[in-house]
Amino acid sequence: MKTFSCVATPGGVHHKNAMPAAGQACKKTGVRTSAQHFLVPIDSMARLALEDGAAADEAAPPRRAWSSNSSFILASIGSAVGFGNIWRFPKLAHKYGGGAFLIPYSLAWVFCAVPVVVLEFSLGQRFQASHVNIIRQLHPRAVGLGWAGVIGTFLLVQFYNALLGITLCYLIVSFSPNGLPWTNGSRQIFSNETLASQSLAHTFFVETIVQPSGGVDDFGGLVPHLAAAYAAIWLIVAASASRSSASIELLNWIVTPIPFVVLTVFFFRGVTLEGAGTGIAAFLSPDYSHLWGTEVWMAAIGQIFFGVSAGLGTLTTYASYTPKETPIVRSAIIVCCANSAYEILCGFTVFAYLGHLSHVRGVPVDQVVVGGTSLAFEVFPVAFSSLPAPQLWSILFFLMLLNLGISSAVSMTSPLSMALVEACLPRGAPSRPAVRGSTSPHSLPLWRRGMEWMTRVLAGTSTRLTLSVHFFGFCGGLIYVTRAGLYWIDLSDHFVPLYLTVVVSLSECLLVSLAYGEHRLLRELARADQRWGRWWAISWRYNVPCILTLLMLANSYSEYVTNPFGRGGDVTYPAWVLFIGTCLAFGPMLLLPICYVDRVRNGCAQWLAGGVGNHGITEVTPSGVSVVAHGGHGSGPESDREWQEAL
């Protein structure tokens, strides 16, 4: 990889001995050139690196790629098809009247989800970098958006792993020699006598597993078995994430196909039960009164984005390992179809069993169970009891949930780990904790100085850094395994997937359209992906931003004014909970203005600094501009001599 040196001055960047390709690239940015010397304005530095390629850094080793496009698709499906498909989609469909939820869900799939997935796949394949570095290359001052996405994903995985801890507890008790505990040692859970009282599955979930306290502010200490299971889940996720992409590829080949097989068995068993048709009819028959409010529309978009992992940095991270000539539009559509097919199959299965319970109990379908987080943990245990060898099916089901959840959890921790590794550790030398090109910490932006400090503290390889990230995630999520954990799971599940994924996806569309250019990105895709280029361009620039902005504004008014969260439901939350939820949803987005201001402040300081000693020597490559030497803070003959020697 050829490079050329340049000198940063208040007037721009002076390049010496430039190669012809660099001169042509600078002409595209409107800079002044001469035979051996030309001046590049500071504002053109980022565009200079993006005009004619995004090759890897000179010291960077070749980027590991998926062994095949099928492996990439399967890994993306493993990230998309997760615990939320079984737990969250039926919960929302049950809450919003079954078929009424499917209408906005289908529209969101066509007009929002698929275009955003295509966009994130395109960005990952184009720039071959972590999510944060991709955003930095789109616009250096918008790097905070990249950090907001990966940190928001990290907040999400904390309560996600708490749910996996509950699943692990169910898996362990399924091996009980006395039979399944929620059936009281028998398979008569469908009898009228048993169902006349509160569901045994519900009682087991509440009194034995989660043991909730009296309210969200009554923590009551850790639940011992949940805390132990939570720690075990984090250990498994950390062990999987610390490996290379090959281990993730092997993991997805093993665990991704299993859930489809197991859930299909439950579905066919459910539709044969008496009364199942009533539940399926409730799932397909819309209650149109829900469609007049913005809540169901926003919930549908939040679910489809959460389902396909849009706005979380996962898709861009996985796509960065695909060769640039690989078509990605077909892969994006396959991933979206697989995710939605699995969610709808879960919906049919859950409502089939709800219809059977409704028939036995003699109550409407929407009154069979309370709903919420416990829905999957109440309905599916009933399904096991209707099958031969119920313990075997219970073990298979909860093992399937763990497979799905761990695959998704690994994909949700990978973006932050990868971004920190690229920011903290130099490429090509992962064992030395240093930030490339930084000899003076005062010359770096605030976030880069923080990365240097973190690297010095961790002082290890990329594997150790990844394990440290998972340790911090474990500590931050302990609140979800207290006796108030169920309330905090409901709170986080309402705000983080609903708002953060939508805001980040909206910002990505605007950034590509306004800063990089949607047509430019489309031209860099494989020829087969350019067939529907006009539709993707219209979606990124107009459809997705307009739809998400209008729904965000309308739903925010409802959320904070007319119908605040935690009021009028089964559980009443104090008013301060709304503030906490807002911080969870929009707190990471504060990194966007913080990083923007810090970068502007740092750039202005370099421009206004007096003396030659404040200038730096910059190495410009097609992949970016980096400082490779920096003078002192003084001026005078010694500084001038050092400067000339450096040149």
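The values are calculated or read from the model by the stated rules, or taken from the named source; none is laboratory data. For clarity, every value in this text was computed on a predicted model and none was experimentally measured. Methodologically, a virtual Cβ is constructed for each residue, glycine included, from the backbone with ideal geometry; neighbour enumeration extends over all protein chains shown. Please note that ligands, DNA and RNA were not included when accessible areas were found on the heavy atoms of the full protein model with its side chains. Shrake-Rupley method; radii C 1.70, N 1.55, O 1.52, S 1.80 Å.
One table, with the values for the structure above:
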| quantity | calculated |
| --- | --- |
| Met412 accessible area, 1.4 Å probe, all protein chains in place, Å² to nearest 10 | 10 Å² |
| Net charge over other residues, Cβ less than 15 angstrom from the Cβ of Ala310 (K, R count +1; D, E count -1) | -2 |
| Gap separating the Cα centres of segment 496-510 and segment 512-546, nearest whole Å | 18 Å |
| Candidate residues Asp490, Asp217: accessible-area rank, largest first, probe 1.4 Å | Asp217, Asp490 |
| Peptide ranges 468-477, 165-174, 314-323 listed from the most packed, as the mean C-beta count within 10 angstrom indicates | 314-323, 165-174, 468-477 |
| Sequence ranges 352-365, 527-540, ranked by mean other-Cβ count within 10 angstrom, highest first | 352-365, 527-540 |
| Thr208-Arg531 FRET efficiency (beta carbon distance; Förster radius 56 Å; 0.05 resolution) | 0.50 |
| Exposure of Thr278 as accessible area (Å², to 10), given a probe of 1.4 Å and all protein chains | 80 Å² |
| Total formal charge among the other residues, if their Cβ is under 14 angstrom from that of Arg88, Lys/Arg +1 and Asp/Glu -1 | -1 |
| Residues of segment 55-178: accessible area per residue with a 1.4 Å probe, Å² | 25 Å² |
| Cβ-defined net charge surrounding Gln211, 13 Å radius [Lys, Arg +1; Asp, Glu -1] | -1 |
| Residue-span extension gain [Cys475 to Thr562] - 0.36 nm each, minus C-alpha spacing | 27.8 nm |
| Cβ crowding within 10 Å averaged over residues, with 262-274, 139-151 ranked highest first | 139-151, 262-274 |
| Solvent-accessible surface ranking, highest first, for Val503, Val561, Val237 at 1.4 angstrom | Val561, Val503, Val237 |
| Ala554/Thr582 FRET efficiency (R0 25 Å; Cβ-Cβ; nearest 0.05) | 0.90 |
